[in-house]
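The values are calculated or read from the model by the stated rules, or taken from the named source; none is laboratory data. This is a predicted model, so every value here is computed, not measured. FYI the Cβ positions are ideal-geometry reconstructions off the backbone, even for glycines, and counts take in every protein chain you see.
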Amino acid sequence: MDRPRLTRRLDGFGTSIFAEMTALARRHDAINLGQGFPNFDGPEFVKQAAIEAMRGGHNQYSPMPGQPALQQAVADHQRRFYGLTYDPASEITVHAGATEALCAAITALLDAGDEVVVFEPFYDAYLPGIALAQAEARVVRLVPPAFRLDVAALEAAISKKTRLVLLNSPSNPACSLFTRQELEAIAELAVRHDLVVVTDEVYEHIVFEGVHVPIASLPGMRERTVTISSAGKTFSLTGWKVGWSCAAPPLADAVRAVHQFVTFAVSTPFQLAIAAGLATSDAYYTALRDDYRMRRDRLCDGLGAAGFGVMRPAGTYFALADVRPLGFDDDRVFCRHLVETIGVAAIPVSAFVLDGHLKHLVRFAFCKDDATLAEALRRLGKLKR
């Protein structure tokens, strides 16, 4: 038949840049600093909790909104770190990772023709999710090199059709945090224009500079915010795909209406294990941050020595590097050159924008063990020779 199999809503969203660069890395036996997952395992006590849950017979469907133990653990976490109070049963939903939570929220809250404000550069799952809802993205550029918010540009992007603001802090791939002042500006506009804010906070515990402030904690925002996070980054267990959303009942009910028909329920033993993980002491969260800070500094120092212009990240486990000092002005050309001649894979930042205006930047992941980072930096050192 002549009609394409893929729906027109996803026309233009082909193979992701991550799949493309990973395939290239495998072909050339390169070290993959492109994809953002640790190559080391999560904490033993969390894995042991999953094993004990399985052996204890917790292997059947969970309730659709989530295991009560994890709902309670998320509520305790939000109160403990941010002073936010949520009812576990009615306001916290467990998802198959943050990506499913984002897709459920976007699908639930948008009608065809609605507009969504997104901040560029943006994580690559955002625009396809908006397209699936048949909504329209209104893009607001964050201003490099610090990727600060232009409040006037944000206000200009809001129209009568705007229903939702989608933000990510700490931000992947900008590796920055929205300041309290920036979040207050977003909150003021959200209240004034009666907008919902969906916020992706999966890197909330990997913050090096500044303080992570959930926008839901600001005046007038708890009732109009869907806060999304997950266990993958905090516990180095990305393959478990356990995430959650926190929202007031009208928003939570809407999100659950989609969630129940997409995944319905999430892995029961993994939920119980993550509940144990979230309840761990402050020492774990401090050690996580400090460990990643050391990895960040090691990578950034090495990138600088290799000749890159380095943008030391305020958060996440990624760092951006400017390739112009090395004689390149096209990030995709550079990334292919890097894999094929040096044996290291990175991600071109132009994949996270609409018109390629950040073609001088590439993203490296430092969520790798010491030996991997050392070998990657040894190879990158060849760039200056």
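Computed values, structure above
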read-out: Selection within segment 183-200 - surrounded by fewer than 21 Cβ atoms within 10 Å (Cβ to Cβ) and acidic (D, E); value: E184, E188, D194
read-out: Test: residue in segment 45-62 that is modelled with pLDDT of 95 or more, touching a strand residue (DSSP E or B) at 6+ places or on another chain (Cβ under 9 Å) and not assigned by TED's automatic domain parsing to the domain that holds V362; value: yes
read-out: Test: residue in segment 210-220 that is in contact (Cβ under 8 Å) with a residue 12 or more places away in the chain, within 24 Å of D290 (Cα to Cα), aliphatic (A, V, I, L, M) and buried (at least 24 other Cβ atoms within 10 Å of the Cβ); value: no
read-out: Within segment 132-226, strands (runs of 3 or more DSSP E) holding 2 or more residues that are under 25 Å from K359 (Cβ atoms) and modelled with pLDDT of 95 or more; value: 136-141, 162-168
read-out: Residues that are touching a residue at least 60 places away in the same chain (Cβ under 8 Å) and either under 30 Å from V117 (Cβ atoms) or hydroxyl-bearing (S, T, Y) (or both), drawn from segment 321-356; value: C335, A346, I347, P348, V349, A351, F352, V353, L354
read-out: Selection status of K359, basic (K, R), assigned by TED's automatic domain parsing to the domain that holds L24, part of a loop (DSSP other than H, G, I, E, B) and surrounded by fewer than 21 Cβ atoms within 10 Å (Cβ to Cβ); value: yes
read-out: Any hit, segment 128-136, residues being touching a residue at least 40 places away in the same chain (Cβ under 8 Å), touching a strand residue (DSSP E or B) at 6+ places or on another chain (Cβ under 6 Å) and not aromatic (F, W, Y); value: no
read-out: Segment 245-287, subset surrounded by 24 or more Cβ atoms within 10 Å (Cβ to Cβ) and among the polar types (S, T, N, Q), residue nearest to S90 (Cα to Cα); value: S245
read-out: Filtered residue count, segment 64-101, keeping only those that are in a loop (DSSP other than H, G, I, E, B) and either touching a helix residue (DSSP H, G or I) at 6+ places or on another chain (Cβ under 7 Å) or exposed (fewer than 15 other Cβ atoms within 10 Å of the Cβ) (or both); value: 9
read-out: Residue match in segment 245-264 (condition: under 18 Å from the mean Cα position of the chain (by Cα) and either closer than 19 Å to Q78 by Cα or in contact (Cβ under 8 Å) with a residue 12 or more places away in the chain (or both)); value: yes
read-out: Residue in segment 40-62 that is nearest to T268 (Cα to Cα), counting only those that are out of contact with any Pro (no Cβ under 7 Å at 6 or more places or on another chain) and surrounded by 15 or more Cβ atoms within 10 Å (Cβ to Cβ); value: S62
read-out: Segment 320-341, residues that are hydrophobic (A, V, I, L, M, F, W, C) and in a strand (DSSP E or B); value: L320, A321
read-out: Residue within segment 298-319 that is assigned by TED's automatic domain parsing to the domain that holds H357, farther than 30 Å from A185 by Cα, free of Cβ contacts under 8 Å to residues at least 12 places away in the same chain and part of a helix (DSSP H, G or I) present; value: yes
